[in-house]
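Before any comments, here is the structure.
Please treat every number below as a calculation from the coordinates, not as lab data. Only a predicted model underlies this, so the values are computations on that prediction, with no experimental measurement involved. In this analysis, Cβ positions are derived from the backbone assuming ideal geometry, glycine residues included, and neighbour counts consider all displayed protein chains.
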C-alpha cells in the first residue's frame, strides 16, 4: 500500500546532499530500521582515472520517474518513510551524487526497499554524467547503464 505523500521526499538538486540532514525525514516511532544508500563520486571508472563529474538530468522527465519509483517502492515494501535525492551539476571525487533512504519496521524490508529504489533509479531515470579526466578531456556516460556507455566529449 502506498504511503501518504508527506512521507515521501523526491528531489533533483544542485545543492550538496547532506546525509545527516535527511535523518529527521526518516524519523518514525513505528520503524525499527533505517537504511541508506549513499552513492559517491569515485576517482575511477572502467580503468580510467576520474577528476570530477558533471551530472545532467531532464527534470521534467526525471522527477516523475523518480516519484513513480518512490510510489512503487512504498507499494512493494512496508516503508514508512522514503527519501530519494540525486545531484545535478558539477561534483568532485567524494561528493554524494545520489541518496536513497528508507525507514521500515524491520531491517530486511528496509534493505530490500533501499536496494529496489537505487536499482530502479539506475535503470530508468534519465540522468547523464560527463566524467572529467585528469588530462582535462571528458566522456559522457549514460548514468542509467550499470557499466556505462562512454562517448568522447570535447
Taking only C-alpha pairs under 8 Å that are 6+ residues apart, what is the relative contact order of the chain in percent? 30 percent
Which semi-axes, in whole Å and largest first, does the equivalent ellipsoid of the chain have when worked out from the alpha carbon gyration tensor as the square roots of 5 times its eigenvalues? 30, 15, 13
Could you tell me how many degrees, from 0 to 90 and to the nearest 10, lie between the Cα long axis of helix 59-76 and the main elongation axis, the longest principal axis, of the Cα atoms of the chain? 40 degrees
So for 65, 84, fewest C-beta neighbours within 10 Å to most, what's the order? 65, 84
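Which three semi-axes in whole Å describe the equivalent ellipsoid of the stretch 1-68, each the square root of 5 times a Cα gyration tensor eigenvalue, listed largest first? Kindly include the intermediate steps, with their values, before the conclusion.
Values: eigenvalues 159, 63, 25 Å².
Semi-axes, largest first: 28, 18, 11 Å.
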I'd like the orientation of helix 107-124 relative to the chain: the angle between its Cα long axis and the longest Cα principal axis, in ° from 0 to 90, rounded to 10. 40 degrees
The stretch 36-86: Cα Rg divided by the 2.2 N^0.38 Å rule of thumb: 1.52
